1. Please give me the summed charge of the neighbours of residue B:274: other residues whose Cβ is under 15 Å from its Cβ, Lys and Arg +1, Asp and Glu -1.
2. Over the protein assembly as shown, with a single point scatterer placed on each C-alpha, what log10 of the ratio I(q)/I(0) does the Debye formula yield at q = 0.06, 0.07, 0.12 1/Å?
3. Excluding residue B:181 itself, calculate the net charge of residues whose Cβ lies under 12 Å from the Cβ of residue B:181, where each Lys or Arg counts +1 and each Asp or Glu counts -1.
4. Calculate the radius of gyration of the Cα atoms of the stretch B:1-76 to one decimal place, then report Dmax, the largest Cα-Cα distance, as a whole number, both in Å.
5. When 1/r is averaged over all different Cα pairs and the result inverted, which Kirkwood radius in Å belongs to the stretch A:177-304?
6. Starting from the Kirkwood radius over alpha-carbon pairs of the stretch B:88-129, derive D by Stokes-Einstein at 20 °C in a medium of 1.002 mPa s and give it in µm² s⁻¹.
7. Once R0 is set to 56 Å, what does the formula 1/(1 + (r/R0)^6) return for the Cβ-Cβ distance between residue A:299 and residue B:53, expressed as a FRET efficiency to the nearest 0.05?
8. Nearest-to-axis residue of chain B, judged by Cβ, for the B-to-A rotation, with distance in whole Å?
Protein chains: 2
Amino acid sequence: MGAPLIAVDWGTSSLRAALLDAAGRVLEERSAPQGILAVPPDGFPAVLAAACRGWEGAGARGVLMSGMVGSRQGWQEAAYCPCPAGFGDVAARLLRLPDLPPLGRVAIVPGLRCEHDGLPDVMRGEETQAFGALELLGLQDGLLLLPGTHSKWVQVRGGRIESFSTFMTGEVYGLLRRQSILARTLPESHDDELDRDAFLRGVGQAREAGSLLRSAFGVRTLALFESLPAAFLPSYLSGLVIGDELRLLQPAPAGGPVVLIGAPALTLRYELALQSRGIACRRVGPEATWRGLWAIARTVEDFA
Amino acid sequence: MGAPLIAVDWGTSSLRAALLDAAGRVLEERSAPQGILAVPPDGFPAVLAAACRGWEGAGARGVLMSGMVGSRQGWQEAAYCPCPAGFGDVAARLLRLPDLPPLGRVAIVPGLRCEHDGLPDVMRGEETQAFGALELLGLQDGLLLLPGTHSKWVQVRGGRIESFSTFMTGEVYGLLRRQSILARTLPESHDDELDRDAFLRGVGQAREAGSLLRSAFGVRTLALFESLPAAFLPSYLSGLVIGDELRLLQPAPAGGPVVLIGAPALTLRYELALQSRGIACRRVGPEATWRGLWAIARTVEDFA
């Protein structure tokens, strides 16, 4: 526990790396656009070495990575760990890679797998964020939401992830915003600022409509009859899509406030939507990933 | 009522025209890829004349058109007729265009407008299909479904369209099928044959999941774990999307069987989905458009 750790969050479209001190504090953080899809099959060691340049002399215990780097398209496939799963379960199933001499040990945190409604579901990277948030908040139970391209709802009990469910919220928003007939009536610039009233109107409408398939066409008719200025329509659509996801949330989820994990710009929207329904929540930023990797490393003997 | 009628269904991506005899029977039918988006602003009379070539000597009463030709991007904008609206209301608001000498009178059936959940909704063309189906089936009341890119649910009472609701079902299916992450695991060819079991499994899953945002990711995990052969995944996804639309349908809608109107390949899917929920339905083909235009013309003095 006396040495720094190099923590890496390696996703589809970007790589983030941090040098953490023995107490898990971030000494330095970096990011690069080299997501796994931009790396040739045998190029992973070199990209990692480049991302960590200058940290070779830090005396780190090694490099612990999470995210899509452990997928079939990544460095090497790390078999999914079945739920329920806690820190210990994941730590026991780290995928060890050959040492990278200047950096030391290298390992990948496996993703999780569960079943709901008779179907498999999977995550890679969010388990680490979830563990980090639990650690930061000192929680053992609760409902965690990780919004994004593929939003994850994570049910935690006794410090273990019992089950989770994926919503294609961010991706469907992008498709409707940019590729559908609605794109014709929305502003061309995609630099959408949040208008809270329009957003919350969308959230409310999502509940009324009962299906995004039904509510989405309203963006077109509101534009057609000029009932809402075009500049506010992206916020309204965002409210419809996020509202459709949150429509399924019980009014008072067991285990205290819902924990929102992710970039502030996105978790703020979820917070507004939940508050409008009287559901308490708290927010944790992307630092949850570093805390999660640090906490997992702590439970592994030769990483600790 | 003694003369033929030229009936035209002019949509966004295609134009269909039919020469109907005095009794409304189709004497000849044609289609062309010249949807309104492919016609320059002043090019409509010439495209119509070309589509009707050879019918100049048929002694037609004139040309009656429905569809997006009456939109702002069409020949000339026909103001929406407010609901409730019947044959007579629509007929009284025909948009008259200048006569085209060899063809005679030319007019456009206006679309309809209604409000639900505090939002406006609109249709152009479907009102004519709906009126045609009522005429063909001898109905005055019921729930009509017109599946498509933008599916319409139409509530009819006493021969008038009381209200309707639009679902972006076909468009969202296309976006998920071709533009989303799911496209990577689906067969590249888009010539998707229907597999009934996979489709109905999707319909069932749509009800369980409660939101398409949630159910759609299952297409990816089913592929990941090879739980469903890739060739069946498009049918499964189609079931998820259509199932999400039909999730909102009451188990026993008032007014008898649901009337499905449209191309057989599509109404068959809706029929399968409804039958799986024990909801009775009957199907009417695209000939409903011709019957609708004929029936509207009949109620207009100088078209009759």
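1. Working: positive: B:196, B:207, B:247, B:269, B:277, B:282, B:283; negative: B:244, B:245, B:271.
Residues close to residue B:274 contribute a combined charge of +4.
2. -0.39, -0.52, -1.15
3. Working: positive: B:177, B:178, B:184, B:220; negative: A:171.
Summing Lys/Arg as +1 and Asp/Glu as -1 gives +3.
4. When restricted to Cα atoms, the stretch B:1-76 yields Rg and Dmax of 12.2, 35 Å.
5. Working: mean 1/r = 0.0613 Å⁻¹.
Evaluated on the stretch A:177-304, it is 16.3 Å.
6. Working: Rh = 12.0 Å.
Answer, rounded: 178 µm²/s.
7. On the way: r = 80 Å, r/R0 = 1.43.
Efficiency for this residue pair is about 0.10.
8. Here the value is B:175, 2.
Where a number appears in this text, it was derived from the coordinates with a stated rule and is not lab data. Note that the structure is predicted; figures quoted are calculated from it, not measured. All Cβ positions, glycine included, derive from the backbone under ideal geometry; neighbour counts span all protein chains shown.
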